1. Kindly report the accessible area of the stretch B:44-162 per residue (heavy atoms of protein chains, probe 1.4 Å, no ligands, DNA or RNA), in Å².
2. Considering only protein heavy atoms and a probe of 1.4 Å, how much of the accessible area of the stretch B:682-734 is carbon and sulfur, as a whole percent?
3. Return the average number of partner chain Cβ atoms within 10 angstrom of each residue Cβ along peptide A:475-487.
4. Accessible area per residue for the stretch B:544-640 in Å², computed with a 1.4 Å probe and the full protein assembly in place, what is it?
5. Project the alpha carbons of the stretch B:254-308 onto their principal axes and report the range along each, largest first, in whole Å.
6. Taking 50 Å² as the minimum loss, tell me which residues in the stretch A:244-286 lose that much accessible area going from the chain by itself to the full protein complex (1.4 Å probe).
7. Straight-line reach only, C-alpha to C-alpha below 16 angstrom: list the aspartates and glutamates that A:K282 could link to, leaving out same-chain residues fewer than 8 apart.
8. Under the definition of partner shielding as Cβ atoms of other protein chains within 10 Å of a residue Cβ, what is the mean value for peptide B:708-717?
Protein chains: 2
Amino acid sequence: MGTPRSSTSSNFTVIKSPNENVWGGLTDVETASVVHWLLQQPELNLTATDDAGEWDNTISLVELMRPNKSDVLQYLDHDQPPPTRYAHVVLDVRATLDPYYAEILVGPLPVTNQSATTWVPLEYPYTRKTQGRIRNLDADHDTIHSEWLYKISASIVDITLELFNGTALGLDNDTIRNSGINPLWQGDGRTIRWNTFWNLPVDDFDASSILPLGLFFKSDITGRDPSKWKLEGWLYNNIFYETTNAFRKAYYSPGFVKLLSNVEGDWARTDQQGPILPEDQKQPSVMLAPSGARYALDTNQKYVTWMGFSFYIGFSRDTGVSIFDVRYKGQRILYELGLQEALSHYAGNDPVQSSTAYLDSFYGFGPYTFELVKGYDCPIYATYLNTSFYKSESTHTHVDSLCLFEYDTDYPIQRHTTQSYVSSTKNIYLTLRSVSTIGNYDYTISYTFHLDGTIGIEIRASGYIQAAHSTHNTNYGYQIHSALSGSMHDHILNFKADFDILGTANSIELTSLVPITTTYPWSNPNRPRNTMHLSRRILSSETESRLNFPQSATTTMLSIINQDARNSYNEYRGYRVLPSSPLSSGHLTIINSSTLIHAAHWSEHDIQITQHHDHEPRSAHPYNNQDVYNPVINFNEFFDGEDLNQTDLVVWVNLAMHHVPTTGDLPNTVMTTAVAGVRFVSGNYFMGGQSRGTVNMVRVGFGDEDVVEEVETFGQAREMVEVVVRPVEEVLWG
Amino acid sequence: MGTPRSSTSSNFTVIKSPNENVWGGLTDVETASVVHWLLQQPELNLTATDDAGEWDNTISLVELMRPNKSDVLQYLDHDQPPPTRYAHVVLDVRATLDPYYAEILVGPLPVTNQSATTWVPLEYPYTRKTQGRIRNLDADHDTIHSEWLYKISASIVDITLELFNGTALGLDNDTIRNSGINPLWQGDGRTIRWNTFWNLPVDDFDASSILPLGLFFKSDITGRDPSKWKLEGWLYNNIFYETTNAFRKAYYSPGFVKLLSNVEGDWARTDQQGPILPEDQKQPSVMLAPSGARYALDTNQKYVTWMGFSFYIGFSRDTGVSIFDVRYKGQRILYELGLQEALSHYAGNDPVQSSTAYLDSFYGFGPYTFELVKGYDCPIYATYLNTSFYKSESTHTHVDSLCLFEYDTDYPIQRHTTQSYVSSTKNIYLTLRSVSTIGNYDYTISYTFHLDGTIGIEIRASGYIQAAHSTHNTNYGYQIHSALSGSMHDHILNFKADFDILGTANSIELTSLVPITTTYPWSNPNRPRNTMHLSRRILSSETESRLNFPQSATTTMLSIINQDARNSYNEYRGYRVLPSSPLSSGHLTIINSSTLIHAAHWSEHDIQITQHHDHEPRSAHPYNNQDVYNPVINFNEFFDGEDLNQTDLVVWVNLAMHHVPTTGDLPNTVMTTAVAGVRFVSGNYFMGGQSRGTVNMVRVGFGDEDVVEEVETFGQAREMVEVVVRPVEEVLWG
């Protein structure tokens, strides 16, 4: 992550962070020194750098190893020096019949004294103890395409030409493509692919994922010897053919039913279409920042302060943005808050939809966090920051790929009308946002900060859906175009919220609203009253900490509290977790997914609480899809019955979008409804509402005739400001 | 509702509505003519106008009787003349031992020919057939206070002075007050009140509802003869005393425990408090409308059009704003959308909290829809409209009490990044808003309209909570101040959504995402796959149409569809109902409330569907609290097993806020978390995403080096506009 460009963000207040951002990433120099050092270690047998041949050993990743929380707290809270820095390195070891990824730690950094630097296998953060070695099912990626998939496709070119008017031969003039499932089928020691064909758009629009053609083939690609790979059959119109010959024979037999193809057209294009709406060519409403930014930033340390909040920004290949040491008025509320993994689990009558469960950290959120569209993804006046990622021996940068801005909701945070006055308070908030486009889908991820001390996460999805051929898919989606099913799928995004409420010794309190029937000293003892009360309970251990909302007919609120930090009214101080999404479930619909096996057990409940350990920093690993029966991190193993009573806790929250696409999702999914969020709201944490602190409130007093007699504005800005609204075009050419 | 003031709203486009707004309300002349006519009818025996003595017969309400849908559709769709207009009149008949409200219809209007005008009892819209007569338990309101409650209070003035340093005698220098439960206890033919004492603030702040004092008394006020009313006991510190003597004796006995009082202080005041936050005295972000409004308005007919939407605005005493004939691109989607009732049901260890279940239409949303705070409740640039309500023989007006404005969310409605371009579309929406302050609580109610054809309702609550004395209330709320419990309560607001999807013959489709285990032609028959599919079902009748979300472990979506209107892909065209709130339940926690009895059965499920009838126009009646055992409208009686398959349907949606106040709700509840909403989202209704219609989108093309090569802006406004941001103070003095 680099420094902001002065052109768009020169107006924030420059500050110096109180501490070093120990999560901020490696410097370019550090990265280069690690790469240099790695290439000098003969035992690593690195034969090339990134993306060399399939039988090379290469460096896949060099980034900062995030320090252990226990070490960081010594630095932040106990005057110890910052933790020693290490590089987290992933080697892609493919010069072997059993290719694997090697996770290693290199350090200490910087690599100044060559001999002081060492590497060790990285194993401690993973539940599976394999000295950091993870099998690589994707080692022969290029060969699989060039020597296998294209050849299979070529073997039926007569059929694809006739059925689809297209060929997929790996040539520039291919008009169809094929792509496969993820994860691969991994049972019984075999590695099985299913592939299917998709039309390519006739123009630049990225519409291929809504142009499925309905023809599937299965192949066994176990091992690294292509001569031993086997085509295992074809599927068309729900009929399985065990060989190409069988398929061809059927195809050329009388009565063979040919399915409709999905072909690009305006329906698949995102450009403006149709008659222009009345008045739409006038400038719409636009948010402006008349006095510039009201936050402060240390751009070197990626440290932000705003209206009492402060936090550091971290960024990683796997999961993009995380924030650390989130404080309000100096007191830490969260040690860490960040995305862990995003699952998109499809279902369908065909093997490709049924076997698709993307675990997006495999691709990585970091490298796909692209430049934001100013005035669209974020306001023009936002501060735009760069992000960086490792590629081919060095650090690459996506400029203006994070944004930070203040915004005003269209409603106040507080208001009250009385007979003699009305009071109202502006609801200004701060947003830190990035957008990661993993293939067809764009995830907009926002961290928000509010005047009442609330912290929020909001995810919204757009982009092209991945759709299915509609034949036989009636039970798996609506038909939304000629031969297209809006393939049903669950998006589940897991976030880690490592709360520290007035220290690390915290507990979980469940407060339920429960209907009851009871009598009181003042009520008729023979006629019990139907009413409700609160039931409060502290979670005891990890044996009961995997929860769904709502738990039952009752409404239950979950709070992270500190039993040793009661307020003066004897209530626990804490923060409530308030999930919010259009449909209430936050967990995967499928039970014991045959596609995921053990790769994403984190997706099975709405909210899950574990005891914090330095060796359980993450709920998921990007290579979990490489070995779904024995994943690197099996989230189930976090739950070993440990005590949750006044210990350091991690709250793992899932945000879910259960998506059954309709015609309204064509050409792209609409972000107003594809949304999920969670808010962390103070619960008896403060002695009163924090929104009283802002001066951006008003009290208007009026007399008997409702004539305004007083306008109290509490010292807020009173100057008149002229603002120029420029066409967004100017900015976008910049 | 009057015309907008030109000062704030001169810039919208003026249009003429295609039809007459038959829901728009009476003209002032009509109201006056009806009042005049009523006073001339000897059989009505009107002895005075509003709010006269307790033994007068008076006019409580004169407003437009909303015409039957069946008649209106003849007008809108079948070239018939508009329905004949009638006035809905409520008489307060108190010159009798058995006081009652008389609901009558007066018309036809206008009252030009006196003899052609008649009145009839209004009974047909009510489930209870009593010729429109509803008993009035509140007839002796003034006497109860002056002759009863203040005297009881005076009887223990020695104790209130010592305990509370206050007296409640009905004098100007009272420093405490008492107030009672609603509904009153009505069992066994008796009318029972419970009252409790509250501190009064020492200044103008409206804080009394958070200053409870913990002393309660019970009285039987059955009948109209105060000499027969009986004090039935006192409750203090959870001890019930059957007589004042018993209470006094205990009070003056050694060891009597005196509770802490709640006393106003800064904690209860809404003004700015504490050190000013860094940079808070700079102007915050502000939404502006550089080219003015982009909607069109017929101010006489209260008719609005915006980006393909059109609707008429109605307004009534009981429920405030409703909208009618909501169309998108000319096609009706909703005949009616509006609030029906708002319930605030408390619980507690004391009789007042336990017996409080406000049904706010009793007070009426209309008369409490006050002037909005410009720049706070709505943007300064909004169009502000007036509302009017009947009071004392004429129409009174609250100026600028509705607002209409466009806004831009902080995120786009669509975006997608590809290797060669990025596209993004602005998410502009229209809001119609009012705020009704019913006593301590302010309900902000917004109807929103979106570029994808979505229609939303959003409610947010602020204002002062009603709190309880904390003694013995641990199980009913958190202690949030010295002797204060944030009394737990459910807000349930019922909305009527009368959908007409391509005609009135509609059905309800439930689409559930269901985990399944199954095999496929392409899968191993011996190893069934764990996956999911859709289960679709049409609701048959009112026997199964009272639903909660989620129904079970599955996620279920509810759509209003038309089985006779399939799209070209054979899917039903329709709209989905997508509720959204921080906690998922939309129904009352209490089961069979002893306080409500039969007065609010609409509150017991999240969403309920009935067959439409002209005689079931509303789910609730404002006087349901006057006879909870035999309410005017018993919503249960709507469910008589009628067919819901391709008939005219009404969807009754509850929006709920389950509120367990914390210290963060002091002094006022925060609107960021006190929110509930529902969205009606197109589901296969259109052939593609409607957001493609706007020109406020952009496509930026880039070359190999990520250099911008194209900025396509689709004909959107390109001019530079200068805008002046003025201090809000200027506007508020206006």
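1. Details: 5340 Å² over 119 residues.
Ligands and nucleic acids excluded, the figure is 45 Å² per residue.
2. Details: 1110 of 2410 Å².
The value for the stretch B:682-734 is 46 percent carbon and sulfur by accessible area.
3. On the way: counts 8, 4, 2, 10, 6, 6, 4, 2, 1, 1, 1, 2, 0.
Across the residues of A:475-487, the mean count of other-chain Cβ atoms within 10 Å is 4.
4. On the way: 2930 Å² over 97 residues.
Roughly 30 Å² per residue, with all protein chains present.
5. Sorted from largest, the Cα extents of the stretch B:254-308 read 75, 38, 18 Å.
6. For the stretch A:244-286, once contacts with the other chains are taken into account, A:T270, A:D271, A:Q272, A:L277, A:E279, A:D280, A:Q281, A:K282, A:Q283, A:P284, A:S285, A:V286 lose 50 Å² or more.
7. A:E729, B:E406, B:D408, B:E719, B:E722
8. On the way: counts 4, 0, 2, 8, 4, 5, 6, 4, 10, 8.
The shielding value for this peptide is 5.
The values are calculated or read from the model by the stated rules, or taken from the named source; none is laboratory data. As the structure is a computational prediction, the values presented were derived from the model and not from experiment. Using ideal geometry, Cβ is built from the backbone for each residue, glycine included, and neighbour counts are taken over all protein chains shown. These accessible areas exclude ligands, DNA and RNA; they are computed on the full protein's heavy atoms, side chains included. Shrake-Rupley method; radii C 1.70, N 1.55, O 1.52, S 1.80 Å.
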